[in-house]
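The values are calculated or read from the model by the stated rules, or taken from the named source; none is laboratory data. All of these numbers come straight from a predicted model, not from anything done at the bench. Using ideal geometry, Cβ is built from the backbone for each residue, glycine included, and neighbour counts are taken over all protein chains shown. Quick note on the areas: whole protein, heavy atoms, side chains included, nothing else; ligands and nucleic acids left out. Shrake-Rupley method; radii C 1.70, N 1.55, O 1.52, S 1.80 Å.
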Amino acid sequence: MAQMRNFLPFDVPSPVYVLGVRVDRLTQSQVLIALKEVLSSSHASCQQIVTVNPEFVMAAQQNTVFRQCINQAALVLADGIGIVLAARFLRQPIAERVTGVDTLVELARLAAEHGYRLYLLGAAPGVAESAGARLQELVPGVQIAGTYAGSPAPEEENEILERIRSAQADIVCVAYGAPAQDLWIFRNLQRIPASLAMGVGGSFDFLAGRQRRAPLWMRRIGLEWLYRLYREPWRWRRMLALPQFVLQVIRKGSNPHEA
Ligand code: UDP
């Protein structure tokens, strides 16, 4: 799949590879321009957006398909302070974090402006619906084509794709957690009847008010992960990947090849 940065009407730095995993070095406003570009031009298949944090990078060390999925995506966003710091360490800095939940709201703005329709797939039953209602409060006029919890199980795929087709969606946001959501999009890319699909993790839970986001001051100093750990302590096991991430980045540095 073509990388979106190739379509941008200006030069952007080439992506940084953190332990062999690609991350695009775009600012939030450049991401918006890239999204606008991809939505307004025609492509043979759906375009995938992945939002990467250190847990993704560590999972991609073991899971080759997941690494391919990220490295071949149209757009890979740095959704994690650990990624921003690693890029700085590798002397290929990324200007700022671009989070999934912020990008989802920006996508909704773009959708409202140009008449694109959003489909919200995943999360616990009822959550996508509340998230959609919240998006409509935040962005008046945005069209929610449909919402459905479903599951990432392969046997549900045909039914889900049919729902998206009959809802006539342009943008599909998938909340099945990583890597399930991103792999779901990746293996269905040729079949997803929409221009763009993005894995959004816990974004619906935040929008629906099921989970609270870290206060702005904590986000600004790069401690959103710590707040998440405090709110959802069961995450400690997943976050064990973090020390490994730091050690390996220091030891191995940048690896532009898919080793
Ligand atoms: N989720 C789901 N089905 C699954 C696994 C997860 O709907 O089989 C949903 C879960 O309810 C949550 C979302 O996936 O709304 C994202 O989960 P998490 O917060 O773990 O993702 P992260 O943001 O850490 O990637």
**Prompt:** Of all accessible surface on the chain at a 1.4 Å probe, what whole percent is carbon and sulfur?
**Reply:** 51 percent
**Asked** Which chymotrypsin sites (Phe, Trp or Tyr not before Pro) from the range 1-109 combine a DSSP loop assignment with at most 14 other Cβ atoms within 10 Å?
**Response** PHE10
**Asked** Let a ≥ b ≥ c be the square roots of the eigenvalues of the Cα gyration tensor of the range 172-259; is it rounded (a/c under 1.5), or, if not, prolate (a/b larger than b/c) or oblate?
**Response** oblate
**Item:** Crossing angle, helix 241-252 versus the chain [Cα axis fit, 0-90 degrees, rounded to tens]
**Value:** 50 degrees
**Asked** Hey, if you put +1 on the Cβ of every Lys and Arg and -1 on every Asp and Glu Cβ in the chain, which of ALA111, THR64, MET239 ends up farthest toward the positive end of that dipole?
**Response** MET239
**Message:** So if I place +1 on the C-beta of Lys and Arg and -1 on the C-beta of Asp and Glu, and nothing else carries charge, what would the dipole magnitude of the range 45-208 be about its Cα centre? I want it in debye, nearest 20.
**Reply:** 420 debye
**Asked** Roughly what % of Cα-Cα distances in the range 45-208 sit above 29 Å, to the whole percent?
**Response** 15 percent
**Message:** Which order do the peptides 37-46, 219-228, 93-102 come out in when sorted by mean C-beta neighbours inside 10 angstrom, highest first?
**Reply:** 93-102, 219-228, 37-46
**Average accessible area per residue (Å²) across the chain - probe 1.4 Å, nucleic acids and ligands excluded** = 46 Å²
**Complete:** Sorted by chain and then number, the residues having a modelled amide H within less than 5 Å of the amide H of VAL172, at least 5 places away or on another chain, are TYR119, LEU196, ALA197, MET198
**Message:** Just to be sure I understand: with springs between alpha-carbon atoms less than 10 Å apart, which residue in ALA153, ALA34, ALA175 has the highest mean-square fluctuation in the Gaussian network model of the chain?
**Reply:** ALA153
**Message:** Antiparallel versus total DSSP beta bridges in the chain: what percent is that, nearest 5?
**Reply:** 15 percent
